[in-house]
Amino acid sequence: MSIDAPIIVVGGGIAGLSAALAAAPAPVLLLTRRPGAVGAASTLAQGGIAAALGAGDTPAAHARDTCVAGSHHNDVAMVELLTASAPAAIAWLQAIGVDFDRDGDGRLQLGREGGHDRPRIVHAGGDGTGAAVMRALVAAARAESRIHRVAGCDVDALALRDGRVVGVSATLDDGRQQRFDGRAVVLATGGIGGLFPATSNPADADGGGLALAMAAGAAIRDLESVQFHPTALAVPGMHSLPLVTEALRGAGARLLDRDGQPLMAGVHPLGDLAPRDIVARRVAAAVRDGGAWLDARHIGAAWPTAFPTVLAACLAHAIDPRLQPIPVTPAAHFHMGGLATDADGRTSLPGLFAAGEVACNGVHGANRLASNSLLEGVVFGRRLGHWLAAAPSTRTSGGEVEWVGHGRSLSPPALQRLRVLMGVAMGPVRNGAALQTALLECDALAAEGWQAGLARTMLAAARQRRHSLGAHYRDDDAPIVAPVTAA
Ligand code: SIN
């Protein structure tokens with residue numbers, strides 16, 4: 001490897017682009033599956049970005065809400081870093097051209113979502129925040145001559161020399177295999193929603209980057225910790241479902257059962273804005289009992305400007321949310337677990353780094369607070385990029401390169417079978433018996449493709465965590481009984 005080998009960033013979502021832009025005083029090779037903002041989960045994000053910008057709000061208050069949502073499983077230092085960096089992250093996004101929505105007095109408009117004790121969320125283009133942020137990031141990356149992008153790359157192997165990651169290999173769209181040398185490899189490959197029967201993620205958010213790093217021996221953390229969004233649009237037969245943003249509930253929309261009764265009444269003091277895991281379990285039960293709906297008719301004439309993305313998705317499925325409640329269902333939304341990283345994105349493997357959803361530095365605890373994920377991508381992506389730009393290049397000795405891949409993929413029917421297993425055992429409500437059954441079935445599938453191996457590790461982690469914690473809810477959780485001590 002030459003000392004001017006580039007920093008390789010795998011993934012073109014908000015974390016990957018933020019890392020690439022910060023690293024760009026050094027040469028950066030950005031490898032993505034598709035061009036521009038296409039296909040990134042970040043582009044689909046509707047809820048905005050949380051930051052303590054309102055009068056009287058503080059990073060400490062934002063941190064408190066983040067830890068309460070995360071069931072205090074959070075790494076407090078990471079949380080404080082995130083919330084303290086949030087206002088500057090918003091300012092940076094504005095500087096690269098993101099036009100956040102403003103109120104009549106020209107001030108940033110602050111919305112409210114579940115788990116926040118006050119309005120704290122900035123949006124751009126109403127519910128089109130992710131798309132607006134991605135447009136600005138993609139344009140900034142295109143304008144940066146030190147970033148060279150290769151789209152149409154599915155990275156499926158890591159190169160290791162003397163225990164250090166020194167490059168990747170990718171299958172290109174035309175089927176050719178191409179190798180890339182790098183002085184560092186950053187995985188920003190997103191989450192695992194694609195392993196579930198219904199997800200708000202793109203269908204190919206299948207944990208490929210996570211599986212690859214695991215195959216190379218990188219340390220992992222909290223893999224059982226998966227967040228389900230309570231309100232994806234319930235479209236029968238679809239796998240990747242449009243989101244029906246929580247900001248609608250922040251604006252007064254109510255969840256209803258099949259009899260038109262308020263679903264969250266008496267369930268939690270915060271009602272429809274209760275923590276996401278509680279709402280997701282309630283909606284899942286209602287769906288089993290005949291269905292759940294979100295009534296947002298009161299948004300009225302503001303629909304096209306405030307929630308254009310949800311409106312378009314509903315109309316595309318012949319549902320007019322101005323006239324009728326929206327059918328909703330929970331969907332796998334965000335992986336709190338992932339590759340164990342520190343504040344600078346370092347994994348346990350020299351030369352390998354991670355940012356965004358594939359990484360787990362403990363910031364989200366056991367349940368991510370709404371609108372903290374785009375923020376995480378910007379804050380920790382940029383930190384990592386700056387760290388890499390400043391880090392001295394490491395020249396490895398001339399030892400043999402070892403290639404580590406995640407192996408072959410499941411066939412489409414086997415992947416479908418795996419998604420069903422994950423839906424039954426790893427959904428919003430879990431128990432030991434279902435996890436054990438799914439593990440046995442997964443063992444049989446694991447020889448057929450890497451996705452089953454990854455699922456098996458997640459199932460085993462969930463089986464091992466015998467008590468409920470945040471989004472990991474076990475209905476066979478035995479109360480913790482204090483040990484009887486001899487008198
Ligand atoms: C939403 O818009 O409801 C999702 C926001 C988030 O996941 O942070």
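Using a ≥ b ≥ c from the Cα gyration tensor of the stretch 373-430 (square roots of the eigenvalues), is it rounded, prolate or oblate, where a/c under 1.5 gives rounded and otherwise the larger of a/b and b/c decides, a/b for prolate? Write down the numbers at each step before the final one.
Working: a/c = 4.22, a/b = 1.52, b/c = 2.78.
Since a/c reaches 1.5 but b/c is at least a/b, the shape of the stretch 373-430 is classed as oblate.
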Global geometry of the stretch 192-336, whether rounded, prolate or oblate, following the gyration tensor of its Cα atoms and the 1.5 cut on a/c: prolate
The rounded separation in angstrom of the Cα centers of the stretch 28-49 and the stretch 367-386 is 14
Rounded to one decimal in nm, the spacing of the 7 Å Cα→Cβ label points at ASP154 and ASP181 is 2.8
I need the GluC sites (Glu not before Pro) found in the stretch 344-443, filtered to DSSP loop residues with at most 14 other beta carbons within 10 Å of theirs. GLU400
Counting DSSP beta bridges with both ends in the chain, the antiparallel % (nearest 5): 65
Shape call for the stretch 337-453 from the C-alpha gyration tensor, a ≥ b ≥ c root eigenvalues: rounded (a/c under 1.5), prolate (a/b greater than b/c) or oblate? oblate
With a Cα-only, solvent-free Debye model of the stretch 279-406, what are the log10 I(q)/I(0) values at q = 0.09, 0.15, 0.16 Å⁻¹? -0.49, -0.90, -0.95
Contact order normalised by residue count of the stretch 20-119, Cα under 8 Å, 6+ apart, percent: 22
In whole percent, what relative contact order does the stretch 203-283 give with Cα contacts below 8 Å and a gap of six or more residues? 28
To the nearest 0.05, what FRET efficiency results for SER411 and ARG102 with a Förster distance of 51 Å applied to their C-beta separation? 0.50
Expressed as a whole-number percentage, the relative contact order of the chain with C-alpha contacts under 8 angstrom and at least six residues apart is 23
Just need the Rg to Rh number for the chain, please, alpha carbons only, Kirkwood Rh. 0.96
Length released on extending from GLU400 to SER145, taking residue separation times 0.36 nm less the Cα-Cα span: 88.5 nm
Using Cβ contacts closer than 10 Å as the measure, can you line up THR58, THR231 from fewest to most? THR58, THR231
Alpha carbon centre of the stretch 269-339 versus the stretch 56-97: separation in Å? 25
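Nearest 5 is fine: what % of DSSP beta bridges in the stretch 1-138 come out antiparallel, could you say?
Antiparallel bridges make up about 50 percent of those DSSP assigns within the stretch 1-138.
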Taking Cα centroids, how far is the stretch 343-360 from the stretch 202-254 in Å? 20
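Bear in mind these aren't lab numbers, they're just calculated from the coordinates by the rules spelled out. These figures come from a predicted structure and were not determined experimentally. Methodologically, a virtual Cβ is constructed for each residue, glycine included, from the backbone with ideal geometry; neighbour enumeration extends over all protein chains shown.
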